[in-house]
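Contents: one structure, followed by commentary.
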Amino acid sequence: MAEVFQAIDQFPVTLKTWLLGHAAGVMPEWALPLLSAALSITPILAVFPLLFALTTVIERKGLGRIQNRRGPNRVGIPLTNIRLAGFGQFIADGIKSLTKEDIVPRSADKVVHFLAPIALLIPVLLTYSVLPFGRNMVPLDLPQTGLLFFFALGASTELSVFMAGWSSRNKYSLLGAMRAIAQMVSYEIPLILSALTVVMIAGTLSLSGIVESQAEVRFGFLHSWHLFTPWGLVGFFLFLTAAAAEANRTPFDLPEAESEIIAGYFTEYSGFKFAIFFLAEYLGLFAMCGLGITLFLGGWLPPFKFLGFIPSWCWFLGKLVALILLFIWLRGTLPRLRTDQLMGFAWKFLLPMTLINLFVAGLWHLSVTSVPMTVRWIGGFALLAIPYWLLGRGFEAKVGKREYRFAN
Amino acid sequence: MTPLSGYLLVSALLFCIGLAGALTRRNAIMVLIGIELMLNAANLNFIAFWRFSEHPETQTGLMFALFSIAIAAAEAAVGLALIITIYRHFRTANVDKVEAMKG
Amino acid sequence: MTLSFAILAGLTVGSAVAAMSLRNLVHCALGLVLTFAGLAGLYLQLNAEFVGFTQILVYVGAVAILIVFAILLTRGTEPANEPAAVSPWAGLPVAVLAFLAMAAAVLASPVGKRLAAPVPEVSVKTLGQKLMTDYVLPLEVLALLLTAAMLGAVIIAMKDKEDLQ
Amino acid sequence: MLGTGILKGMVETAKNFAGSYHDPERLTTVEYPEQRIAPKENARQFPMLIHDTEDPMKGLRCVACQICEKECPPQCIYIVKSKDKRADYKGQMQFYPATFDIDISVCMSCQICVEVCPFESIKMDTEFELSNTDRFGGLLIHKEQLAKSNEHYRKIHPADAAASDAVLAAEVAKAQAKAKADAEAKAAKAAAEAKAKADAAVAGTVPAPATSTAPQPTSPPAAPAA
């Protein structure tokens, strides 16, 4: 039985090895690495854009239900009455955006305007190459610099956003781009600092190494996810907050605040280029979720040892879908922040909290052998809860009870 | 495999492009960009010499490059802040026009 | 000389020329970004992964953004009818002479013919340990410098606001 | 504490999410083309022209007075008066509109035309499925399409239609009373003249004036509340 489960678990790896083995006899030597790369890339390019397409429908349906509406439920198989509960919507949307007219403003910088969506999509897609999707399933395992690679590519998307906003020659676009850049630069620091705690404890920048550092089994059944520590729990939520801001998700979607600046930096994009921006945004969110899973939620590891028979890649995808649903839920709940609140939150709350979290993680690491478990837990939580309460109080004091001068 | 001279030539070329730009362009930001190019050329030299040295395990070149990247970031921040201040004061970022101290 | 090196070197040098010669400042900044990316590629070729990715993180992610912001904040400084550069004859000969001198030195030196040693065993761990032991003093000085630079940049950029008040 | 509000909000949205599945009462929307919400009585979309008789074109109440055309703020009404006259519902000879067009791409549904119309002729319709593939010609509605029967008006706006009918009935009554009074006055005058003639013939005196004997028309009925 165990062999069957293992075979299912390693099925993608086996398939790739088998295909490569067959190709070795047919293809010239120099083409084999290319084929190997293509075989690694194809599943990513197939799975994640499909996930994006399904997410757009699920998001609209979920938001509809949250607002007591039905959401899209019509588009099914064409020329029949089969509706598929609206899950044909993404195909219709795709066809629509493909066939729409591509409008470029007359005064736009045509070359930069054309390059911006490409320059945004490529780094986002490249970030997937270091994520461990399952046991032995890392397209590009960088043993020394995996996490740094991820953050370097994440940082380079800011420039594409600027390219899009500047080249459109539109005030809304430029404002949106400036907002997006300011936000991404500000939230990158808490993002990296909250990820750094895990690097400190795991002692490696390799993402597969970080997953393996969580494989240890506690109490006979529980895998030692970093989430199951005081600093990991707090760090995970700090990471999620910063990731939401990096991916321009509600409540941090000011760069695309349609009530103020139309669509932000991609106001002047239409048709397929707009679809690419949309795709890149969601793929960026998924990559961030995937990184959060790898760092804090044990990557492809199951939470309990006895659930290990479920294939590792199922665990990764399941956690990914769960995080996406969480983000949709948050989007349905929270209103958008104001620009000064956004910046204040990053610098006055997230940054100090991540620094304190780093300190707590250091203490946790140093007290592994010397201090009993309960003391470490209570101490860690106390060290994090008190600053949280103090910082949060300072943050809340500004949002006092609203006074209506004329209504009362 | 590329010999050391290849990297050194690229680095020299980059340095001279940066130098030419810094000497000829009027805009202060362009001068700063030229200086950044020259710094990067030096960095490439550090890395290349480290890689081709007889004792790469000492990592001295890497260290130097890392430090120089950090310093370049600080330099860019301060330099650009200065340029913005000059622009606010003189309403121009043209280095030839900022001549308040000229006798 | 390998093909990948030729492509990366061509990209780096070409984009550097573009960064220094284009009229539009934002185009120059974008060319500079391409140069930084090409340099990061060269670092990767030299097995300096950590420095290469740091280069992208710091230069593309931060310095380029700073430059772009500065360009937008000082917009309209170069009137269209005014040449973007002073007479090229002032700077170009100096640069060409400097290049010739350096190229001659590189080509004449026996060091230049040296081929790379086998890939050195570099781990980020040893890099970090070195930073915390041998290089701890430079690191501390650098930390101080970065703090001073941050404060300095904030104060310099804020000064005019106080004058207005 | 920071974050409790977020959690409260998330519980609320989760309630909505789950509730909308097991309790269809929560859903505020319907699946439109198949299901429809009955329109509210005061709903209005674009103007229509009321007609009374079977033939819409012959029974239009509109007399082409062009007040609505002049009052229309976005100037979306276009009327051409007829050359000839025809009897209206009171039997009075009136002009009628040879052309009556409304550009509903311009109309802003302000109902001012309805307020100013003295003939209870132009009213607001509730029809909203007016989308068209021809954005210029297709949105210019002619009088053939604008003409709607009074029964239709009674169905969509019962209260307004009753008030409008009362006004018209009063008008008719007034006209009939006036006609009757005129007829009586005429008869009285004729009788008086005949009598005077007879008297003159008999006594040779001057005939007495026969004015102010006709009964005054009753005061107009108070306008019913809209």
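Here, each number is a calculation from the coordinates, and none is a lab measurement. The shown structure was predicted, so the numbers you read here are calculated from the model rather than taken from an experiment. Please note: Cβ atoms are built from the backbone with ideal geometry, for glycine as well, and neighbour counts cover all protein chains shown.
Some notes on this structure:
- Efficiency of FRET from Cβ geometry, A:Ile41 and C:Leu97, R₀ 45 Å, rounded to 0.05: 0.40
- Cα gyration tensor category, rounded, prolate or oblate, for the stretch A:17-99 with a/c compared to 1.5: prolate
- Test item: B:49-56 mean partner chain Cβ contacts at 10 Å: 6
- Debye-sum result for chain D in log10 I(q)/I(0), which assumes one identical scatterer on each alpha carbon, at q = 0.13, 0.15 Å⁻¹: -0.89, -1.04
- Note on the stretch C:1-76: Cα-only Rg and Dmax are 13.3, 44 Å.
- Note on C:17-24: average number of Cβ atoms from other chains within 10 Å of each residue's Cβ is 4.
- A Förster radius of 30 Å combined with the Cβ-Cβ distance from C:Ala148 to A:Ala385 puts the calculated FRET efficiency at roughly 0.30.
- Three principal axis lengths of chain A [C-alpha, angstrom, descending]: 73, 65, 44
- Structure-based [θ]222 nm, the protein assembly as shown - -39500 (n - 2.57) summed over DSSP H runs of at least 4, per residue, nearest 500: -20500 deg cm²/dmol
- Rounded to the nearest 20 debye, the dipole size of the protein assembly as shown about its Cα centre is 1160 debye, using +1 on the Cβ of Lys and Arg and -1 on the Cβ of Asp and Glu.
- Sorted by Cβ density within 10 Å, fewest first, the residues D:Cys107, B:Cys16: D:Cys107, B:Cys16
- Dipole moment magnitude, nearest 20 debye, the stretch B:4-90 about Cα centre, only Lys, Arg, Asp, Glu C-beta charged: 400 debye
- Potential lengthening between D:Arg135 and D:Val172 on full extension [0.36 nm per residue; Cα-Cα distance subtracted]: 9.1 nm
- Normalised contact order of the stretch D:104-189, rounded percent, pairs of Cα under 8 Å and 6 or more residues apart: 22 percent
- Convex hull (Cα only) mean projected area of the stretch A:129-264, reported in nm² to one decimal: 9.5 nm²
- Cβ-derived FRET efficiency at R0 35 Å, A:Ser107 paired with D:Ser109, nearest 0.05: 0.40
- The stretch A:272-408: translational diffusion in µm²/s, Stokes-Einstein, Kirkwood Rh over Cα pairs, 25 °C, 0.890 mPa s: 129 µm²/s
- Each peptide in A:206-212, D:159-165, A:192-198, B:64-70 gets a packing score, the mean of other Cβ atoms within 10 Å over its residues, and the list from highest to lowest is A:192-198, A:206-212, B:64-70, D:159-165.
- One equal scatterer on each Cα of the stretch D:28-123, no solvent, Debye formula: the resulting log10 I(q)/I(0) at q = 0.15, 0.20, 0.23 Å⁻¹ is -0.66, -0.99, -1.19.
- Protection proxy ranking for A:268-278, D:171-181, using the average of other Cβ atoms within 10 Å per residue and placing the highest first: A:268-278, D:171-181.
- Using alpha carbons only: equivalent-ellipsoid semi-axes of the protein assembly as shown, gyration tensor based, whole Å: 76, 36, 28
- Working ranking of peptides D:53-59, D:21-27 by packing, defined as the average number of other Cβ atoms within 10 Å per residue, highest first, is D:53-59, D:21-27.
- DSSP beta bridges fully contained in the stretch D:47-157 are about 80 percent antiparallel.
- Cβ neighbours within 10 Å from other chains - mean over D:29-36: 1
- Charged side chains reduced to their Cβ positions (Lys and Arg at +1, Asp and Glu at -1) give the stretch D:1-150 a dipole of some 360 debye around its Cα centre.
- Out-of-range pairs (alpha-carbon distance over 21 Å; input D:Lys58/D:Lys81; D:Lys81/D:Lys174; D:Lys85/D:Lys143; D:Lys83/D:Lys143): D:Lys81/D:Lys174
- Packing-based exposure ordering (other Cβ within 10 Å, fewest first) of A:Ser40, A:Ser156: A:Ser40, A:Ser156
- Ordered by the number of other Cβ atoms lying within 10 Å of each residue's own Cβ, fewest first, B:Tyr87, A:Tyr187 fall into the sequence B:Tyr87, A:Tyr187.
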